[in-house]
Amino acid sequence: MAVWIETTFGLETEAESGRLRRAKPLSINGGDGAAQRLSTLTGVPAELCAAAIQQTLLAGYDALHPETRFPAFAFRLHQFISRGDTVYASLESPSDRYITLKGQQYVPDKTRQRILLPLVFCRECGQEYYVVNQHKDSQTAKLLFTARELRDQTREEDQQRGFLYHNPADPWPPDEAAILERLPEDWLVLSSGGLLRVKRHFRQKQPQVVRLDTSGQEEEQGTTYHFVHSPFAFCLHCGVTYSGRERSDFGKLASLSSEGRSTATTVLSLSALRALRRDETLERKAQKLLSFTDNRQDASLQAGHFNDFVEVGLLRTAVYQAVQRAGANGLKHDELAQRVFDALNMPLELYAANPDVKFLQKQETDQALRELLAYRVYQDLRRGWRVTAPNLEQAGLLKIDYVSLRELCQAVEEWQSGHAALASAAPAERYQGRDSRARQRPGTNASPPGCLAPQKNHPGTTAHLHPATAARAQKRRR
Ligand SMILES: [Zn+2]
């Protein structure tokens, strides 16, 4: 058993050289875990195998070396938890393509005709894109696409960094009018004649049609893909738009498991702490996790990350509970702080400098916390830098609506003094204008948290139309 564990978790033999190297991390449980492997090997049920593995590991840990007094068979966390990986796919239709987690150049069918390319996913909608470099074959003048790493931003003369889009359920349209509807609004300009066109410096950046065979070569009879350049400017599927200032694509597109190291450490630590808390045989003062690091800055960054993660988690849980308790009617802005405060139900000593306050002082202390909560709730609902922890609205757990916005869009006289396109637009189009704004990623156009200046957020002052809708409305008017 000990030998099997050592060769499964500890070391493996390199096929070519016969050298020993550290084995790939492997979890004990799960479909592809070590217990399952041992069960297949021995015919004994997987649960028994898991228990046997754990017992043997602990027995080895308890057996001390007679001289050094170190455990004879120590094991470490990283032997059981591997880092995430990228998913690769062949250039074929989503229903037939070959998908693998093993990074390799070709589909392993010995033909070397089907290349494998890494996939990344839109952080907003999950649409997949192939990460590629585009080259031009100097002899045939045909385009050739090869795999690229998402973080690879090196500029080469003869190649273009970018992404390939292919979605049969929502193809990028072939005709000009339909394309204008789907391009980001700040790419478009309305000419004096009322014609809509793409601004000059965005023309080069429009999705480019390419027909490819499975080897990534341009081929007339091949499948249609659309190539877009890096930095990623907008999602061809959901339309989320990024300003040209954001050069890195990491915040816009994620690989299958592009976890940050800090997040991974925080999640593992939290999981260990929760397990310790559940263990009733441990004294409360022993329910802690010690961490060692050789760098004080790393330690403080990690501590800050952990605290922030817990705080954001608590706040979001409270918002979610408060909204759920409110039922179908939801929560209005002026009730939010009180209800979140109630849902949080924190003991006074956790937030009061003096936990013995009473009467007016207690009321004032609670009021201060409510104000802080209101501020933090709205700040968290602004989309920001937490790319690995999207907020409640982004995750689809919360819907934000504006009081009277629908009625306002339906009204007539309120719009007469505004832009002509808005005045003549149908109510549904005005309402849709609010959606096109919502598709823009704030951070580039974030508004202040409503709790601090609710009166400034009158919906009528922020609604506007996508230029394509405005152009249609203008045409109709004429
Ligand atoms: Zn998207």
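Along the charge dipole of the stretch 22-155, Cβ charges K/R +1 and D/E -1, which of PHE73, ILE53, LEU144 sits furthest on the positive end?
Result: LEU144, furthest along the dipole toward the positive end.
Quick one: dipole size for the chain, taken about the Cα centre, charges +1 on Lys/Arg Cβ and -1 on Asp/Glu Cβ, in debye to the nearest 20.
Roughly 1000 debye for the chain.
Of LYS199/LYS399; LYS285/LYS399; LYS24/LYS288; LYS142/LYS199; LYS288/LYS399; LYS205/LYS399, which ones are farther than 31 Å apart at the Cα?
Values: LYS199/LYS399 34 Å; LYS285/LYS399 42 Å; LYS24/LYS288 29 Å; LYS142/LYS199 28 Å; LYS288/LYS399 38 Å; LYS205/LYS399 33 Å.
Exceeds cut-off: LYS199/LYS399; LYS285/LYS399; LYS288/LYS399; LYS205/LYS399.
Rounded if a/c is under 1.5, else prolate if a/b beats b/c, else oblate: with a ≥ b ≥ c from the C-alpha gyration tensor eigenvalues square-rooted, which is the chain?
Values: a/c = 2.68, a/b = 1.19, b/c = 2.26.
Oblate.
How high is the FRET efficiency from PHE292 to ASP32, r the C-beta distance, R0 25 Å, rounded to 0.05?
0.20
Could you tell me the distance between the Cα centroids of the stretch 235-290 and the stretch 26-51, to the nearest Å?
One Cα centre to the other: 28 Å.
Label LYS199 and GLU6 with points 7 Å out from Cα along Cα→Cβ: what is the distance between them in nm?
6.6
Given H placed on each backbone N at 1.01 Å, which residues far from ASN167 in sequence or on other chains put an amide H within less than 5 Å of it?
Amide H to amide H, under 5 Å and 5 or more residues apart or across chains, ASN167 pairs with TRP172.
Quick one: length gained pulling TYR106 to LEU397 fully straight, 0.36 nm per residue minus the C-alpha distance?
100.8 nm
Toward the positive end of the charge dipole of the chain, about the Cα centre and with charges on Cβ (Lys, Arg +1; Asp, Glu -1), which of SER39, TRP172, LEU315 goes farthest?
It is TRP172, whose Cα lies furthest towards the positive end.
What residues from the stretch 344-381 fall in the zone where the backbone N is under 11 Å from a label point 7 Å along the Cα-to-C-beta line of ARG325?
Answer for the stretch 344-381: 344-346.
So who's got an amide H within less than 5 Å of the one on ILE28, skipping anything under 5 residues away but keeping other chains? H placed 1.01 Å off N, in plane.
ALA34
At 0.36 nm per residue, and after removing the present C-alpha to C-alpha distance, how many nm does the segment from LYS142 to ARG386 gain when stretched out fully? Intermediate results must be reported in sequence, preceding the final value.
Numbers: separation 244, 0.36 × 244 = 87.84 nm, distance 4.09 nm.
Gain in length upon complete extension: 83.8 nm.
Once you order the gyration tensor axes a ≥ b ≥ c over the Cα atoms, which shape class does the stretch 301-396 get: rounded for a/c under 1.5, otherwise prolate or oblate by comparing a/b with b/c?
Because a/c hits 1.5 or more and a/b fails to exceed b/c, the stretch 301-396 counts as oblate.
Of LEU20, ILE99, TYR242, which is farthest towards the positive pole of the chain's charge dipole, taken about the Cα centre with +1 and -1 on the beta-carbons of Lys, Arg and Asp, Glu respectively?
TYR242
Hey, rough spin-label estimate for ASP342 and ARG261, points 7 angstrom out along Cα→Cβ, what's it come to in nanometres?
Between ASP342 and ARG261, the simple spin-label model gives 4.6 nm.
Which of rounded, prolate, oblate describes the stretch 145-266, given a ≥ b ≥ c as roots of the alpha-carbon gyration tensor eigenvalues and a/c under 1.5 marking rounded, otherwise prolate only if a/b is larger than b/c?
Taking the square roots of the gyration eigenvalues as a ≥ b ≥ c, the stretch 145-266 is oblate.
For the chain, what does the helix formula give at 222 nm: sum of -39500 (n - 2.57) over DSSP H segments with n ≥ 4, over the residue count, nearest 500 deg cm²/dmol?
-10500 deg cm²/dmol
Every number here is computed from the coordinates shown, using simple stated rules; none is lab data. If you're wondering where the values come from, they're calculated on a predicted model, not measured in any experiment. So basically every Cβ, Gly included, is an ideal-geometry build from the backbone, and we count neighbours across all protein chains shown.
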